[in-house]
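Worksheet: one structure, shown below.
Where a number appears in this text, it was derived from the coordinates with a stated rule and is not lab data. Just so it is clear, the model here is predicted, and its values are computed rather than measured. Cβ coordinates were reconstructed from backbone atoms using ideal geometry, including for glycine residues, and neighbour counts include every protein chain displayed.
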Amino acid sequence: MATFFMDINQDPIILKFLDYIKFEKRYSAHTFRAYSDDLMHFYGFLEMQFEVNQPNLITPAMIRSWMASLTLSKIQPRSINRKISSLKSFFKFCLVQGLIDVNPTKALQVLKTKKRLPSYIEQEQMDLLLNSTTFPDSFQGRTEYLSISILYQTGIRVSELVNLKVTQIDRSAKQLKVLGKGNKERIIPLNKEMLKQVEVYIAERKLMFSDDSTLNLLVNSKGLPTNPRKLYDVVKKYLSLVTTAEKKSPHVLRHSFATHLTSNGAELNAVKELLGHSSLAATQVYTHNSIERLRDIHKKAHPKG
């Protein structure tokens with residue numbers, strides 16, 4: 001893939017936009033980096049191909065030319081659509097700021113992508129993992145077990161778990177307060193068993209670390225907050241014991257949480273709220289998982305399947 005460079009740190013318009021999505025929209029660090037990289041590559045392409053670097057000079061044809069170059073470089077449609085989303089946000093910002101009169105991305109069509117169903121772990125396999133798998137009888141083992149339990153039983157994102165504070169757990173109301181994407185807050189109920197696990201874990205933490213001042217719930221063997229990479233490794237290790245599924249990540253546990261809820265009759269709007277989705281469309285994909293599961297059961301069990 002051809003690489004185009006542009007020092008976006010020298011462009012006041014782009015800097016203003018990046019400040020906007022970071023401090024006002026409160027996008028995650030991952031999303032911020034993606035937008036920054038997309039704009040850097042896009043502007044680098046424009047300078048190289050058209051000698052243009054001002055928003056008011058950019059046309060739809062130039063953007064389509066950039067998209068074509070991405071396609072020729074074998075970039076997947078889903079990734080190109082994400083880059084288009086970055087541009088749409090940027091030019092919408094420029095329009096509001098009065099930097100352009102016409103949004104060049106307004107009539108831009110996203111590329112068609114194959115419908116991809118979320119990967120999930122079967123309910124029986126999750127029961128086997130949480131109820132019959134042996135975890136190390138140590139603080140680390142209990143941290144690993146609690147991590148997987150929370151991810152599966154609440155459906156929160158790994159970034160939300162890493163940043164989860166003890167104060168976000170309301171034991172009297174039996175609920176968890178989560179700060180999700182865009183700084184949006186949502187409430188997730190917790191059962192007695194989960195609350196008991198949390199209480200025992202916090203008590204052991206206080207005994208282990210006399211100078212325990214960390215606000216984060218999950219800590220490592222040194223008493224420091226855990227990190228996403230560590231949680232990914234933990235989830236992959238334990239899911240490998242109960243499933244041969246190709247994907248074994250924390251996000252698969254989130255998919256499993258949502259799929260099992262819909263399979264057991266939960267209302268889609270309720271699942272949407274629990275996941276913190278901004279639109280119902282993002283949640284509807286889990287109904288397809290349920291339909292596919294029923295189709296598979298029918299095929300295996302019915303004599304005419």
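Nearest 500 deg cm²/dmol is fine: what mean residue ellipticity at 222 nm does the chain get from its DSSP H runs of n ≥ 4 alone, each adding -39,500 (n - 2.57), divided by its residue count?
-17500 deg cm²/dmol
Given an 8 Å cut-off on Cα distances and at least 6 residues of separation, report the relative contact order of segment 8-96 as a percent.
It rounds to 28 percent for segment 8-96.
Which whole-number percent is the relative contact order of the chain (Cα, under 8 Å, 6+ apart)?
Working: 310 pairs, mean separation 50.9, N = 305.
With pairs under 8 Å counted, the relative contact order is 17 percent.
If I model a spin label as a point 7 Å beyond the Cα along the Cα-Cβ vector, how far apart are those points for Thr113 and Val200 in nm?
Once both label points are built, they end up 4.1 nm from each other.
Treat every Asp and Glu Cβ in segment 123-301 as -1 and every Lys and Arg Cβ as +1, leave all other atoms uncharged, and give the resulting dipole magnitude about the Cα centre to the nearest 20 debye.
Dipole of segment 123-301, to the nearest 20 debye: 320 debye.
Taking only Cα atoms of segment 135-176, what ratio of Rg to Rh do you get with Rh as the Kirkwood inverse-distance radius? Show your work: numbers first, answer last.
Values: Rg = 11.2 Å, Rh = 11.2 Å.
Taking Rg over the Kirkwood Rh, I get 1.00.
Given the Cα-Cα distance of Glu246 and Gln54 and 0.36 nm per residue of separation, how much length would full extension add, in nm?
Full-extension gain reported as 64.6 nm.
For segment 123-301, what relative contact order do you get, as a whole percent, if you take Cα pairs closer than 8 Å and at least 6 residues apart? Working shown, then result.
Working: 187 pairs, mean separation 44.5, N = 179.
Relative contact order of segment 123-301: 25 percent.
Return the FRET efficiency for the residue pair Phe209, Asn264: r is the Cβ-Cβ distance, R0 is 51 Å, and the value is rounded to the nearest 0.05.
So, using R0 = 51 Å, E works out to roughly 0.85.
Of His41, Tyr20, Ile75, whose Cα points farthest to the positive end of the dipole of segment 17-81 (charges on the beta-carbon: +1 Lys, Arg; -1 Asp, Glu; origin at the Cα centre)?
Of the candidates, Ile75 comes out farthest on the positive side.
Take Ile63, Ile156 and order them by how many other Cβ atoms sit within 10 Å, fewest up front.
Details: Ile63 19, Ile156 26.
Ordered from fewest to most neighbouring Cβ atoms within 10 Å, Ile63, Ile156 come out as Ile63, Ile156.
Between Gln123 and Leu224, with labels modelled 7 Å along Cα→Cβ, what's the label distance in nm to one decimal, could you check?
4.1 nm
Once you charge only the Cβ atoms, +1 for Lys and Arg and -1 for Asp and Glu, what is the size of the charge dipole of the chain about its Cα centre, to the nearest 20 debye?
Taking the Cα centre of the chain as origin, the dipole is about 780 debye.
Using only Cα atoms, find the angle between the long axis of helix 77-96 and the longest principal axis of the chain, and express it within 0 to 90 degrees, rounded to the nearest 10.
60 degrees
Asn131 to Ala61: FRET efficiency via 1/(1 + (r/R0)^6), r the Cβ-Cβ distance, R0 41 Å, to the nearest 0.05?
Calculated transfer efficiency: 0.10.
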